[in-house]
Amino acid sequence: MTYHTIMAAAAVIASRTERERHHAAVVLGSGLSDYARSLPDAVEIPYADLPGLPVPKVPGHGGSLFSVALDGGSVLVFAGRVHAYEGWEMDDVVAGVRTAVACGASRLMLTNAAGGVNAAYSPGDLVIISDHLNLTGLNPLKGANDDRLGPRFPDMSAVYNPRLRGALAGVLADKGLPVHEGVYAWFPGPSYETPAEVEMARRMGADLVGMSTVPEAIAARHMGADVVAVSLVTNLAAGISPTPLSHDEVNEIATRARSTFSDVVDAFLPQLVQH
Ligand code: HPA
């Protein structure tokens, strides 16, 4: 996605929403996209109307961007994300995040479904991501650097903003939910990890395994945005779980956690906007 395309997408968003700038953005993970439908008075823009945004190939779920005004500012919510394992280029995977930052969003909340590696986690728990391990060999910044977007060698010593993490932990605690933080290991997928891979990740310091989020976090930091990310633990990772993994199980837990997830995001968004 060239600088020109990013700016063109941002211009479409500004004109369709009649909002000159957005202050924050949220990316909804697998099974969590329904949250966007609960937003009051949101303006919906199908990805297909936005230059450079990849249109997910799931029939009937082409992906949409929602814009919503809150007290302190406006938020972009991405319902529908694409993954490297579907064959998309890294540039496509991070197109939404880059567009959001170009719209002015200087705070970004990334959400996903993940496997729990840390034995203290249970399916249904929300875990705030404290750091990541990139185990894919992929990087969205590979190739010529566009200095208008960010530096060639961006610092990654605090990808996940400590103040935003603290604010999100406060929301979880207020709601009486367990407050966990953990390291997310990005695997390429689409096959789930083997037990040996999960054990490797655990010894490397991983608490969670998943197939998304990290490229978006890298691209957002490259552009200077502050990032906070949260995983919904949908299953115990391979070898930790006594039973085989299934996508149906992942979706079922995501569906069951929907109202908790919505409550948490609803409570957090005003803080994300005003941060
Ligand atoms: N591994 C990778 N990705 C996932 C998992 C998992 O166990 N659960 C949900 N997404």
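The values are calculated or read from the model by the stated rules, or taken from the named source; none is laboratory data. All of these numbers come straight from a predicted model, not from anything done at the bench. Neighbour counts are summed over all protein chains in view; Cβ atoms, including those assigned to glycine, are modelled from backbone coordinates with ideal geometry. The accessibility values were calculated without ligands, DNA or RNA, using every heavy atom of the protein model including side chains. Shrake-Rupley method; radii C 1.70, N 1.55, O 1.52, S 1.80 Å.
Between ARG163, ARG81, ARG21, the residue with the greatest mean-square fluctuation in the GNM of the chain (Cα pairs under 10 Å linked by springs) is ARG163.
Near GLY143: Cβ cut-off under 12 Å, other residues only, Lys/Arg at +1 and Asp/Glu at -1. The net charge is -1.
The residues of segment 2-141 have, on average, 38 Å² of accessible surface per residue, using a 1.4 Å probe with all protein chains present. Computed as a quarter of the hull surface, the mean projected area of the alpha carbon convex hull for the chain stands at 13.3 nm². Helix 162-174 and the longest principal axis of the Cα set of the chain meet at an angle near 70°.
Rounded to the nearest 500, what is the chain's calculated 222 nm mean residue ellipticity when only DSSP H runs of at least 4 contribute -39500 (n - 2.57) each, over all residues? Let's see the in-between values first.
Details: 8 runs with 86 residues, N = 275.
Mean residue ellipticity at 222 nm (helix-derived): -9500 deg cm²/dmol.
Ignoring ligands, DNA and RNA, what percent of the accessible area of the chain is carbon or sulfur (1.4 Å)? Carbon and sulfur together cover 52 percent of it.
From the convex hull of the Cα coordinates of segment 110-175, what is the mean projected area in square nanometres? About 6.4 nm², averaged over all directions. Projected over every direction and averaged, the convex hull enclosing the alpha-carbon atoms of segment 1-158 yields 10.7 nm². Counting only protein heavy atoms and using a 1.4 Å probe, the accessible area of MET223 comes to about 40 Å².
Solvent exposure of GLU181, expressed as accessible area, is near 80 Å², computed with a probe of 1.4 Å over the protein chains only.
Count the DSSP beta bridges whose two residues both fall in the chain, then state the antiparallel fraction as a percent rounded to the nearest 5. Given both bridge residues lie in the chain, the antiparallel proportion sits at roughly 35 percent.
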